[in-house]
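The values are calculated or read from the model by the stated rules, or taken from the named source; none is laboratory data. All of these numbers come straight from a predicted model, not from anything done at the bench. Note: ideal-geometry Cβ built from the backbone for every residue, glycine included; neighbour counts use all protein chains shown.
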Amino acid sequence: MKLAHLINPAEFPSNSALQFAQKVTFKCIVRAANEAKEVKLELLTTQFEEDEKVVPLHFRKLSNLRLHTGAINSDLSKRKLPFLKEILNKAKALREADYLIYSNIDIALMPYFYQEVQRQLESGHDALVINRRRISDTYSSLSELPAMYADIGYSHPGFDCFIFKRELIDQFELGNICVGVPFSGVSLLHNVLAFSNNPKVIMDKHLTFHLGTDVLNFRRDEYYWHNRKEYFEKVKPKLQPYLELKKFPYADLPRFKRSVKWMLNPSLATKDLVRFELKNFKQRLKNWRWDILQS
């Protein structure tokens, strides 16, 4: 089994919180890779040409990205954001990689991350979605990394780290979803759950972390509305026939508890749960009918 971890770095202003978060991410990925001696692993990046200079030596640069939001819509030129589809497509030529790991640039890894990913895959899961821990954003130096590792923080309902078979990229429906904006993680989550056979959503392990404890800290600007429209009009309708309740978080909980947790999670739509539950109820009725006829 060989893993390839792909990230999309960028150059941020020197006073930006994202610049420090990205440095933490780089440091943690390299440290985790060094710890995982028994894991076949390659660290990869893809970026815009002007961002190449921020990529550390430990990573192999794939070809640069060409498309961006401003190229398809002049209203989206204030920030040059890449498309998730083009980022993942860079990994299609990695014939030697069995599984692709994709994570956001502000998601740092615990030192044992790659060993646990390999263990989960070897146990029979063909895809993983790992939720981060939210820790304090008061850290300001890489020398504080041990304290960041030790900070248990809080759970997070969003999705920002994905592991899946590389060949699934050809099946993914991602429209023009751009990264760094709500609905990018939701779109990739639903693609992974739709096209993998035995996925696992890991919501309760200390495997990744993010600096900052906010949950819904985003602006409802033109980028948000772009991604929202892409998701509901182009992505979700194509995935709907492939989605099953058993692949989603909370599927193994009792119905009432599952409903409460699902409705409180901002990344999951309540009407999807209603549709799944109705489908399951109809199937139970059908089974009950045939059981009576055969008795």
Being surrounded by fewer than 16 Cβ atoms within 10 Å (Cβ to Cβ) and of a type in the set (S, T, N, Q) is the filter; apply it to segment 188-233 and report the residue that is farthest from Gln118 (Cα to Cα). Asn217
Scanning segment 37-73 for residues that are outside any loop (DSSP other than H, G, I, E, B) and in contact with a helix residue (DSSP H, G or I) (Cβ under 7 Å, 6 or more places away or on another chain), the one surrounded by the fewest Cβ atoms within 10 Å (Cβ to Cβ) turns out to be Lys61
Hey, any hits in segment 262-282 for a residue that's hydrophobic (A, V, I, L, M, F, W, C), assigned by TED's automatic domain parsing to the domain that holds Gly185, in contact with a helix residue (DSSP H, G or I) (Cβ under 9 Å, 6 or more places away or on another chain) and surrounded by 16 or more Cβ atoms within 10 Å (Cβ to Cβ)? no
Just checking, how many residues over segment 234-252 are surrounded by 12 or more Cβ atoms within 10 Å (Cβ to Cβ) and in a loop (DSSP other than H, G, I, E, B)? 6
Looking only at segment 85-125, which residues are acidic (Asp, Glu) and in contact with a helix residue (DSSP H, G or I) (Cβ under 9 Å, 6 or more places away or on another chain)? Asp98, Asp106
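Of the residues Ala21, Ala93, Ala36, Ala10, which is modelled with pLDDT of 95 or more, assigned by TED's automatic domain parsing to the domain that holds Glu230 and over 22 Å from Pro182 (Cα atoms)?
Ala36
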So, Val235, is that one within 18 Å of the chain's Cα centre (by Cα) and aliphatic (A, V, I, L, M) or not? yes
Among the residues that make up segment 86-94, is at least one of them assigned to a loop (DSSP other than H, G, I, E, B), within 22 Å of Val39 (Cα to Cα) and either of a type in the set (Gly, Ala, Ser) or free of Cβ contacts under 8 Å to residues at least 60 places away in the same chain (or both)? yes
